[in-house]
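Working notes, structure below.
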Amino acid sequence: MKNGWKEKTVGEILQLEYGKPLDDSDRKPDGRFPVYGANGEKARSDKFYHEKPSIIVGRKGSAGEINLTEKKFWPLDVSYFVTFDEQQYDLRFLYYLLTTLDLPKLAKGVKPGINRNEVYSQRTKVPSLPEQQRIVGVLNGAFEAIATAKANAEKNLLNARALFASERQTLFARRDEGWSEKTLDQIAVNLDSKRVPITKSVRASGKYPYYGASGIVDYVADYIFEGDMLLISEDGANLLARSTPIAFPASGKYWVNNHAHILKFENMATQQFVENYLESIKLDEYITGAAQPKLNQKALNSIPIPIPTSIETQRKVVASLTSLCTETERLASIYERKLAALEELKKSLLHHAFTGQLRNYHE
C-alpha cells in the first residue's frame with residue numbers, strides 16, 4: 001500500500017440513506033427519471049427523490065447489489081442510496097470500492113437483507129481525492145476496453161451457435177433422392193403407456209436416473225426402462241423457450257415420469273437423426289397452451305420427419321452433425337474461457353486499485 005492511503009471504516013466515508021416507496025400511479029414507462037429497486041432500474045417516473053448522482057445498494061431481496069446512477073432518481077424502499085462529502089471522495093471511486101467489498105455476503109434472513117451498520121463497520125483504505133480520480137481514470141479506460149472485448153467474445157459465441165443451427169437446417173433441407181417424409185409413429189414405438197409417476201415424497205435415493213421433461217431430475221432405487229430410447233419433453237416452459245434440449249437420449253436402466261414421451265427406435269442412427277431434426281425445428285404449431293405448454297402424444301405423432309430411407313445415409317448425416325457440433329463446442333469453449341478471463345482481469349484490476357498498485361497504462 002502506497003503512502004497517503006488512510007484506513008477508515010465505510011461509515012466514515014459515506015452514508016447509506018433509506019429509499020422510499022413510490023405509488024404505482026407515479027410510475028410511467030416514459031418517465032424522465034429512473035426508479036431503482038434492489039438490483040437495478042425497475043421503472044420510470046416524472047418524480048425524483050434525490051437530485052445528485054449516487055450509488056444504489058440493494059437493501060432487501062437482491063441485498064448488496066450495487067448500481068451507479070449519474071442523474072436524478074427515485075430509490076425504492078428496498079434499497080439504500082449513497083451520500084458522501086464530494087470534497088473528499090469521488091463517486092466512481094466509491095462505486096468501485098463498494099464493488100470490492102462483496103456486500104451480498106452480509107445479507108441475512110429468508111428474504112435476504114442488509115443492515116447498514118454492518119456495511120459501515122467494514123474497514124478499507126482510501127487515498128487522496130486526486131489519487132482517487134487517477135485510479136478512476138485508469139479503471140474506466142481498462143473497463144471500457146474489457147467491455148469491448150467481452151462484447152466481441154459474446155458476439156462470436158452467438159455466431160458460432162447460430163452457424164451450427166444454420167448448417168443443421170441446411171443439411172435437413174437438402175432432402176436428396178432417397179429421402180421420404182414419415183411421422184414419428186411410423187418410425188418409432190411410443191412407450192408412454194409404460195410410464196409410472198412417483199411423487200418426490202415417496203422417492204428413494206438410488207443409482208438409477210429419474211427423467212422428467214428436461215432431463216434427469218433425480219436418482220431412484222428402481223427402474224422401469226432399459227436400453228436406448230429417445231425422450232421428448234411433454235410439457236413445461238422449455239417447449240417454447242428451448243432453453244434446454246426438448247429431445248434427449250436415455251440409455252442403461254432408468255425411470256421416466258409423465259412429463260417426457262418415450263420413443264423406441266429400431267437402430268441408433270434413426271434415433272440420433274430424429275433427435276437432431278427435432279432440435280432444428282420450431283414446434284409451436286404442435287404445442288397447446290401458453291401458460292402451461294404441452295406437446296401431447298397425438299401432436300407428437302403428427303410431426304412430419306424428412307428422413308433418408310437408407311440407414312447408412314442416416315449415419316452419414318448424424319456423423320456430419322456430430323462433427324459440426326464438436327467444432328462448434330470447441331469454438332464456444334474458447335470464447336467462454338475468454339469471457340471468464342476478462343472477468344478475472346476486472347477483479348485483478350480492482351484488487352490492484354485498492355491495494356495501491358494500479359499503474360497508468362504508459363508506466
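The values are calculated or read from the model by the stated rules, or taken from the named source; none is laboratory data. It should be emphasised that the depicted structure is a prediction, and the values quoted were computed from it without experimental measurement. Reconstructed Cβ throughout: ideal geometry from the backbone, glycine too, with neighbour counts over all protein chains shown.
Here T244 meets the list (1) under 20 Å from I198 (Cα atoms); (2) in a loop (DSSP other than H, G, I, E, B) almost entirely, failing just condition (1). Is at least one residue of the stretch 215-230 crowded, with 19+ Cβ neighbours inside 10 Å, under 15 Å from V256 (Cβ atoms), under 21 Å from the mean Cα position of the chain (by Cα) and not aromatic (F, W, Y)? The answer is no; no qualifying residue exists.
Regarding A145, is this residue among the small types (G, A, S) and buried (at least 19 other Cβ atoms within 10 Å of the Cβ)? Working first, answer last.
Numbers: among the small types (G, A, S): yes; buried (at least 19 other Cβ atoms within 10 Å of the Cβ): no.
Spelling it out, it is not the case that A145 is among the small types (G, A, S) and buried (at least 19 other Cβ atoms within 10 Å of the Cβ).
Sort out which residues of the stretch 149-180 are farther than 18 Å from L278 by Cβ and exposed (fewer than 11 other Cβ atoms within 10 Å of the Cβ), and write them in order of number. Within the stretch 149-180, A151, D176, E177, G178 qualify. Scanning the stretch 194-204 for any residue that is modelled with pLDDT of 90 or more and within 23 Å of A250 (Cα to Cα) turns up at least one such residue.
Do the conditions hold for K282, that is, is it in the same structural domain as R203 (by TED's automatic domain parsing) and either more than 30 Å from V202 (Cβ to Cβ) or among the aromatic types (F, W, Y) (or both)? The answer is yes for K282. On the stretch given as the stretch 220-236, residues that are among the hydrophobic types (A, V, I, L, M, F, W, C), under 17 Å from S251 (Cβ atoms) and part of a loop (DSSP other than H, G, I, E, B) total 1.
Checking G178, G227, G206 one by one, the residue that is out of contact with any helix residue (DSSP H, G or I) (no Cβ under 9 Å at 6 or more places or on another chain) and in contact (Cβ under 8 Å) with a residue 24 or more places away in the chain is G227 and no other. Within the stretch 293-343, the residues that satisfy the criterion of being touching a residue at least 60 places away in the same chain (Cβ under 8 Å) and of a type in the set (K, R) are K294, K338. Applying the condition of being among the polar types (S, T, N, Q) and surrounded by 17 or more Cβ atoms within 10 Å (Cβ to Cβ) to the stretch 63-98 and asking which residue is nearest to the chain's Cα centre (by Cα) yields N67. Taking (1) among the polar types (S, T, N, Q); (2) within 17 Å of S54 (Cα to Cα); (3) more than 31 Å from the chain's Cα centre (by Cα); (4) assigned by TED's automatic domain parsing to the domain that holds D23 in turn, Q133 satisfies each apart from (4).
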